Each structure stands twice: as C-alpha cells, then as structure tokens.
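Heads up, the thing below is written out as structure tokens.
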Amino acid sequence: MKNLLFIGLGRMGFPMAGHLAKNKDFSVSVYNRTSSKTERWLKQYSGTAHNENNQYDTVILCVGNDDDVRKNLALNGQFVSCLKSGGVVIDHTTTSAELAKEMSTLLTQRGGAYLDAPVSGGEAGAINGKLSCMVGGDKTAFERSANIFNAYCHNVVHIGDSGSGQISKMANQLCIAGVLAGLSEAICLVEKAGVDAEKVYQAIRGGAAQSWQLDNRFQTMVAGEFDFGFAIEHMIKDLNYALAETQRQGWTPPVADKVLNDYRQLLVEGKSGQDTSVLVEKYR
Ligand SMILES: NC(=O)c1ccc[n+]([C@@H]2O[C@H](COP(=O)([O-])OP(=O)(O)OC[C@H]3O[C@@H](n4cnc5c(N)ncnc54)[C@H](OP(=O)(O)O)[C@@H]3O)[C@@H](O)[C@H]2O)c1
C-alpha cells in the first residue's frame, strides 16, 4: 500500500484527494493550511490528518501559485522531510515553468523526483474524476505514479522534461482566452442585433465553432451566470505565467495580452471570484 500525502483541499484538491481515498491501494493523509477544510474532508472520506512523523511514498500538491509551492516544498518547507528517499512529488498547481525546474532540481538533489502536473477540466472535472493532466519530469517516476493520476484523470500525457507540463497548461490557457474572447464578441453581436441567442447556439453548436466553452458556457454567459469555479484571479495568474514565458521567447501573444488586461479591469470593477466567462461583461 502506498502512503500518500495530499496538500491543498481547495475547490480542486478536495475532490481529487477524495478519489484517492476510495482506492484501497492507497493510505491517504491530507493537509490544508486552514484546518476546517481538513476536518470537513475527514468527515466525508476515510483518511488521516497529516502528522509530521509520517513518511510518504508520494506527496501531491494542489495549492495556488509559485510562492505557495515554494513555501511547502523548498528547503525549509515542512513536507520534504516527510518524503521517503526515492519518493515522488506530484504538483497539480498551475505554476511557472521556471518553478517546476527549480523544484525538480531541489527534489533530485534529495534523491526524489518532482513532476509538474497541472490539470484542466475545472471543478466539475475534479468532482467527476475526469481531469486532463499534462506532465513534465522524470518518465520513470511518471510511470510509477500511473494509478494516482488515473484516480481522477481520464486523460494523462507525459509531455517531456521538467516544466513541459506547465508549458502545455499555458498553451491550454491561451486557447481558452481566445475562445472566450470570441464567444464574448459573438454574444454581444447577437444581443445588439436583437436576435434570439438560444437559437443561435442551437444553430452553431454542431458546426466549426464547436468547443467545450461553447457547449458549457454560451447559455450561462447569455443568462449572466458566472459562478463556475475557475475564478478570474487564477486566470490572471496563469496568463501572467504564459506572458512571462513568451517574453523570454521575445514576443507577446496579442489576444492573450488583451484578454489579460480585460480580466485585470474586471477585477478592479469588483468581479473577484467570478469565473472566466465573465469576460462577456467587459464586452457588453
Ligand atoms: N478551480 C479550477 O477550475 C482550476 C482548474 C484547473 C487548475 N486549477 C489550478 O489548481 C490550483 C488550485 O486551484 P483551486 O481552484 O483548488 O484553488 P482554491 O480553491 O483557492 O484552493 C487553493 C488551495 O491551496 C491552499 N494554499 C494556498 N496557498 C497556500 C500556502 N501558502 N500554503 C499552504 N496551502 C496553501 C489553500 O489553503 P486555504 O484553504 O488555507 O486557503 C487551498 O487549499 C491553482 O493553481 C489553480 O490555478 C484550478
């Protein structure tokens, strides 16, 4: 039986750790900075609270950003000493690719391995165990961890070296930014023309404009509903990481750059916590 520690019981981590707890091959311990979430998780699933004397085969994280990962894993971090020699860290946090390389070097020096493994599929994907996961880092460590990924993912791809999982997630976020900008413009066009938006959706959903965002967000954007989990603060963070990466490459992606500024303004206008499809409000 593998001893696992899951750190970060947020919107994503809470159900992901829950899927692991249902697998008899794992003994799952959990840690959350705010202890009330740990208590809530322990009431719902079978597992134990993290104890500093525990030794883990794998430490899994799903926290906020680069600094949060550093605080938990860096040299003075409280969890690295709990990782068995040769153990694996799987980081589902969306971070910079630089952070992934930094953590990989650190873990390798200590005889372990670090996999950058950001996910896509939102809170619903985490609850249903249907996330997509893009993984960078040591391939053997990845293969040894297959049953962990399979607990909550329906699509897992090892991309390449450390950081390549995060580069893939940046590509994912650039796609989403572009699709949401297009959907927002389309909805504004339809509304200003006084045309029935529902009929437009029924007409175009099976054609070349089809996408996950069209299928799942067009109608809710028209209805003005924006509480679907992936908050604009996370998208601002993710696009900042992507634009820092393209800056290193010597260019700026024009659509993502514009959408990032739109989200920053929406935050100033009080849209904190609302999901990324709230972009349409900026264009309205
Ligand atoms: N939500 C989505 O739809 C979605 C989809 C794909 C990827 N992601 C990515 O997945 C990650 C988590 O997202 P989420 O929506 O689950 O976020 P969330 O609900 O805000 O949860 C964040 C979790 O990280 C913990 N945390 C933050 N900073 C920490 C620190 N310094 N030390 C220890 N714990 C810390 C929080 O603890 P507290 O409870 O104490 O605050 C909380 O458990 C993010 O990187 C996000 O970009 C999210």
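The values are calculated or read from the model by the stated rules, or taken from the named source; none is laboratory data. From a predicted model like this one, the values you see are computed outputs, not experimental measurements. For neighbour counting, all protein chains shown are included, and Cβ atoms are generated from backbone atoms with ideal geometry for every residue, glycine included. These area figures cover heavy atoms from the full protein model, side chains too; ligands, DNA and RNA do not enter into them. Shrake-Rupley method; radii C 1.70, N 1.55, O 1.52, S 1.80 Å.
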- Query: Is it true that L180 is surrounded by 14 or more Cβ atoms within 10 Å (Cβ to Cβ) and either part of a loop (DSSP other than H, G, I, E, B) or under 16 Å from the mean Cα position of the chain (by Cα) (or both)?
  - Reply: no
- Query: Which residues, counting only those in region 78-95, are open to solvent by 10 Å² or more (accessible area, probe 1.4 Å) and modelled with pLDDT of 95 or more?
  - Reply: T94
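In region 108-126, what count of residues is obtained for those that are under 17 Å from G160 (Cβ atoms) and away from the ligand (no atom under 16 Å from the Cβ)?
Quick first cut of region 108-126, residues under 17 Å from G160 (Cβ atoms) only: 108, 113-118.
Next, from what is left, pick out any that are away from the ligand (no atom under 16 Å from the Cβ): 108, 113.
Residues that pass the stated criteria total 2.
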- When you look at I127, is it in contact with a Pro (Cβ under 7 Å, 6 or more places away or on another chain) and either at pLDDT 95 or above or open to solvent by 50 Å² or more (accessible area, probe 1.4 Å) (or both), yes or no? yes
- Task: Kindly list, by first and then second residue, each pair from a residue in region 23-45 that is within 20 Å of K2 (Cα to Cα) to a residue that is among the charged types (D, E, K, R), limited to pairs with Cβ atoms under 6 Å and residues at least 6 apart or on different chains.
- Result: F26/K2
- Query: Looking at L174, is it of a type in the set (A, V, I, L, M, F, W, C), in a helix (DSSP H, G or I) and open to solvent by 30 Å² or more (accessible area, probe 1.4 Å)?
  - Reply: yes
- Item | Within region 1-77, strands (runs of 3 or more DSSP E) holding 1 or more residues that are open to solvent by less than 40 Å² (accessible area, probe 1.4 Å) and more than 20 Å from G111 (Cα to Cα) | 2-7, 26-31
